[in-house]
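Heads up: the structure comes next, in structure tokens.
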């Protein structure tokens, strides 16, 4: 089992949903980066269940930084964050009957029955808390370099939020949003849709949209180390993400070149594009415009409705009605996860391009 992402700045995840704790180790991070524990708490609060449309499992997320920080700043050695699991109900889970669209059966095939199946074990969304805690360190470091990241819920069934318009200002508006949308009326409609799915014992998915502002042009590599490739690999590490598109994405297939090409002009002494259909990336390399991408998020697979499945221990067909505490939709709580994963990739790309000390200090 390999759980490390990155080349220069790396992150390794550990822990299980119902184990003692979840956590992350950040390695390759520059010394001298300020670590504000209040910012980590703020990020974790964005991910934490907080309303009737979230899971009833509420963890305090009382994290501890075990290494890599001294006097409120990174030391340059591996930084380890641990978040205890304090609210588990392992009795809700049994072994053998595969929960549809979960990793129960595939984990059994790969780990030969030695995997921790409780609450999905290492495959659980609970582990994303460690990603978000890491984001509480990396996102502020990026902001000091003038780079900001924000994610909103773009669509949930028939409800749709507006697209990023002034991305820099939109990102600011999302920073402390309880329900991350740009149009409150769209958010209210989404909440009703999620509540209806919950009442029916069902769940629902959606689309989230992310913008990154302030990235310098020239970041990334052509071909196999493109910015799209690096971000996609990380984003697909989030279990619920089943699709990623940059800029116009699949919409390019319905356009002519005259419609989809991003015309250019000079503005304040530098080249800019008039439109941003390519999402701020050409040839795998940033062009200085906002990087824009969307992620398709599948419905939470744990639902109360009866479902056909198999018992892979008894080798027989069976039916399952999943017990436990689960989100009817995770699109709200996944937004800070997407921000945090994006921040990790950006820190890695920047370190590879400009050196490992790039993030140290506040100079842009």
Residue list for segment 113-149, restricted to those being assigned to a loop (DSSP other than H, G, I, E, B) and either under 12 Å from the mean Cα position of the chain (by Cα) or modelled with pLDDT of 95 or more (or both): 144, 145, 146, 147
Selected residue (criterion: surrounded by the most Cβ atoms within 10 Å (Cβ to Cβ)) from residues of segment 150-176 that are assigned to a loop (DSSP other than H, G, I, E, B) and touching a residue at least 24 places away in the same chain (Cβ under 8 Å): 161
Evaluation of residue 185 against (1) surrounded by fewer than 19 Cβ atoms within 10 Å (Cβ to Cβ); (2) touching a residue at least 60 places away in the same chain (Cβ under 8 Å); (3) assigned to a helix (DSSP H, G or I) (one fails), failing number: (2)
Any hit, segment 70-88, residues being touching a helix residue (DSSP H, G or I) at 6+ places or on another chain (Cβ under 6 Å) and either under 25 Å from residue 19 (Cα atoms) or part of a loop (DSSP other than H, G, I, E, B) (or both): yes
Test: residue 52 is free of Cβ contacts under 8 Å to residues at least 60 places away in the same chain and in a loop (DSSP other than H, G, I, E, B): no
Check on residue 40, surrounded by 21 or more Cβ atoms within 10 Å (Cβ to Cβ) and in a loop (DSSP other than H, G, I, E, B): no
Test: residue in segment 279-302 that is without any contact (Cβ under 8 Å) to a residue 24 or more places away in the chain, surrounded by fewer than 21 Cβ atoms within 10 Å (Cβ to Cβ) and under 22 Å from residue 232 (Cβ atoms): yes
Residue, surrounded by the fewest Cβ atoms within 10 Å (Cβ to Cβ), within segment 188-204, restricted to residues that are outside any loop (DSSP other than H, G, I, E, B) and within 22 Å of the chain's Cα centre (by Cα): 191
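The values are calculated or read from the model by the stated rules, or taken from the named source; none is laboratory data. Because the structure is predicted, anything quoted here is derived from the model rather than measured. Reconstructed Cβ throughout: ideal geometry from the backbone, glycine too, with neighbour counts over all protein chains shown.
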